[in-house]
1. What is the extension gain from E24 to K104, computed as 0.36 nm multiplied by their sequence separation minus the C-alpha to C-alpha distance, in nm to one decimal?
2. Debye calculation, C-alpha points only, no solvent: report log10 I(q)/I(0) for segment 6-121 at q = 0.16, 0.18 Å⁻¹, in the same order as the q values.
3. What residues have an amide H closer than 5 Å to that of V86, excluding those fewer than 5 places away on the same chain, when H is modeled at 1.01 Å from N in the peptide plane?
4. From the backbone phi of segment 92-98, what are the Karplus-calculated ³J(HN,Hα) couplings (6.51 cos²θ - 1.76 cosθ + 1.60, θ = phi - 60°) in whole Hz, Gly and Pro given as x?
5. Along Cα→Cβ, 7 Å out, is where each label goes; now give me the distance between the ones at E54 and I93 in nm to one decimal.
6. In degrees from 0 to 90, rounded to the nearest 10, what is the angle of the helix 109-121 Cα long axis to the longest principal axis of the chain?
7. Using only Cα atoms, tell me the angle between helix 6-18 and the longest principal axis of the chain; keep it within 0 to 90° and round to the nearest 10.
8. Take peptides 42-50, 120-128 and line them up by average Cβ neighbours within 10 Å, highest first, as a rough protection proxy.
Amino acid sequence: MSKIPRNFKLLEELEKGEKGLGAESISYGLTNQDDITMTYWNGTILGPPHSSHENRIYSLRIICDESYPDKPPKVTFVSKINLPCVDSQGNVITDEFDTLKNWKRSYTMETVLLELRKSMASPANKKLSQPPEGSTY
């Protein structure tokens with residue numbers, strides 16, 4: 001089976017993200033429309049209901065360098081959040097987050113954002129106290 005080139009995969013993800021064809025609880029798109037390398041992305045996660053994240057909107061930065069999609073993107077929260085897989089600078093720690101740790105080429109930015117949201121809603125994390133709404137790293 002042939003590998004889809006990086007740019008084709010990213011164009012596919014861009015189209016899906018821009019048209020809102022994915023899950024309604026997340027969104028993502030290029031930081032700068034002129035970024036022809038499609039490296040720098042913004043992501044948004046709506047906090048899951050019935051959790052300490054409810055009614056919050058979390059902003060993230062996603063970097064898909066030249067090794068993407070063979071290697072996972074670098075994901076950083078801009079909005080402050082208290083989650084075990086996020087360090088004090090907002091970086092999602094690869095070894096603490098299964099989706100990045102066990103990365104598969106078939107995964108997408110949507111996969112990462114949905115799994116982060118699922119982590120927020122997990123019984124272990126949904127009641128964690130959170131920084132004041134609107135605070136950033």
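1. Numbers: separation 80, 0.36 × 80 = 28.80 nm, distance 2.33 nm.
Separation in residues times 0.36 nm, less the Cα-Cα distance, equals 26.5 nm.
2. Values, matching the q order: -0.70, -0.89.
3. When sequence neighbours closer than 5 places are left aside, the close amide H contacts are I93.
4. 7, 7, 3, 6, 9, 10, 3
5. Modelled inter-label distance: 2.9 nm.
6. With rounding to tens, the tilt is 10 degrees.
7. With rounding to tens, the tilt is 50 degrees.
8. Values: 42-50: 17.7, 120-128: 14.2.
Ranking, from highest mean packing down: 42-50, 120-128.
Computed from the coordinates by the stated procedures, all read-outs in this text should not be read as laboratory data. No experiment lies behind these values; they were computed from the predicted model shown. Backbone-built Cβ (ideal geometry, glycine too); neighbour counts: all protein chains shown.
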